[in-house]
Amino acid sequence: KNWKVYRSRFVEPKRLAAGQQFWKKHQPFIKEVSQQTGVPPEIIVAIIGVETEYGRNMGSFNVLNALASIGFYGERRREFFQSELEQYLLLARDNAMDLSSTRGSFAGALGIPQFMPGSIKRFAVSASGTTQINLSGSVPDAIMSVANFLVEHGWQRGLPVFAPVTLPASASKLVDGGLKPTLDWPQLRAAGARLAPGAAEGPWMRSALGVIDLPEESAGTVELRTATQNFFTITQYNRSYFYAASVADLATELGKP
């Protein structure tokens, strides 16, 4: 658990430059999707950047083999991956996909946004409004599907990912390690939290909040942040505080003038 090393894989000059180029190239459509869904452009761009570096690396594993191997021989979440295998076979049947050549991640995720087969069925959408969805070849489909995934998992328009809060030294006891916010601003304030210097009050004060930890085990340190519902929504994409915080930090860098 090394937060700085993990973060440096994604929040780095090469990916940042690629993200700015991607955003500029697709800016009108990204802006349109953002206005429709309430998901900020930089969050959409950051997720695609973290997942596949803007389509440059969509995975080299045979998806059928990956899902079958984990589903029947893996040590964790066998039931989940067996279900994903079923969804993949149905997806391949309905879209005439070649099972011998379709490639994805080691866990069976597919396309520019790296959706699992079940997520493709439930959350992927076509930018053109047709029944055909192409997450591997259509950037608009990928952009719209990322935004739709976040909305369907509870993204709240106008809410930041992190609240501008200065936490007390004892804040580590407020971390529960879960994927849902269980606190609120009055509770945090009673525990010693304060509005960060120069920060303004906002709608996050009326939102559910959670304290998350980003440990640096090699140094024996931990970074604590106050997360809103939108942070926990990002964890539904990948159940990792490190992942969601990296997406948020890359988005922040991308959004700078």
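The values are calculated or read from the model by the stated rules, or taken from the named source; none is laboratory data. Computed from a predicted structure; not experimentally measured. Glycine gets a Cβ as well: all are built from the backbone with ideal geometry, and neighbour counts include every protein chain shown. Protein only, heavy atoms only, side chains kept; ligands, DNA and RNA dropped before computing areas. Shrake-Rupley method; radii C 1.70, N 1.55, O 1.52, S 1.80 Å.
Restricting attention to the stretch 222-255 and to residues that are over 16 Å from the mean Cα position of the chain (by Cα) and over 25 Å from PRO13 (Cβ atoms), the residue that is surrounded by the fewest Cβ atoms within 10 Å (Cβ to Cβ) turns out to be VAL222. Does any residue of the stretch 103-113 turn out to be under 30 Å from VAL211 (Cα atoms), open to solvent by 50 Å² or more (accessible area, probe 1.4 Å), of a type in the set (Gly, Ala, Ser) and at pLDDT 95 or above? Scanning the stretch 103-113, I find no residue that is under 30 Å from VAL211 (Cα atoms), open to solvent by 50 Å² or more (accessible area, probe 1.4 Å), of a type in the set (Gly, Ala, Ser) and at pLDDT 95 or above, so the answer is no. Scanning the stretch 168-189 for residues that are open to solvent by 40 Å² or more (accessible area, probe 1.4 Å), among the aliphatic types (A, V, I, L, M) and modelled with pLDDT of 95 or more returns LEU174, LEU179. Summed over the stretch 208-221, the residues that are open to solvent by 10 Å² or more (accessible area, probe 1.4 Å) and under 22 Å from the mean Cα position of the chain (by Cα) give a count of 4. Say whether the condition of being of a type in the set (Lys, Arg), part of a strand (DSSP E or B), closer than 18 Å to GLN156 by Cβ and modelled with pLDDT of 95 or more is met by at least one residue in the stretch 224-232. Checking the stretch 224-232: at least one residue is of a type in the set (Lys, Arg), part of a strand (DSSP E or B), closer than 18 Å to GLN156 by Cβ and modelled with pLDDT of 95 or more.
Scanning the stretch 190-204 for residues that are free of Cβ contacts under 8 Å to residues at least 40 places away in the same chain and surrounded by 15 or more Cβ atoms within 10 Å (Cβ to Cβ) turns up ALA191, ALA193, LEU195. For the stretch 40-59, a residue qualifies if it is of a type in the set (A, V, I, L, M, F, W, C) and either open to solvent by 30 Å² or more (accessible area, probe 1.4 Å) or over 12 Å from the mean Cα position of the chain (by Cα) (or both), and exactly one does: MET58.
Could you list, in sequence order, the residues of the stretch 60-89 that are hydrophobic (A, V, I, L, M, F, W, C) and either in contact with a Phe, Trp or Tyr (Cβ under 6 Å, 6 or more places away or on another chain) or surrounded by 13 or more Cβ atoms within 10 Å (Cβ to Cβ) (or both)? Selection gives PHE61, VAL63, LEU64, ALA66, LEU67, ALA68, ILE70, PHE80, PHE81, LEU85, LEU89.
Among the residues of the stretch 67-91, write down those that are over 23 Å from VAL247 (Cβ atoms) and among the hydrophobic types (A, V, I, L, M, F, W, C). Matches in the stretch 67-91: LEU67, ALA68, ILE70, PHE72, PHE81, LEU85, LEU89, LEU90, LEU91.
The set of residues from the stretch 126-137 being surrounded by 18 or more Cβ atoms within 10 Å (Cβ to Cβ) and over 19 Å from SER105 (Cβ atoms) comprises just one member, ALA127.
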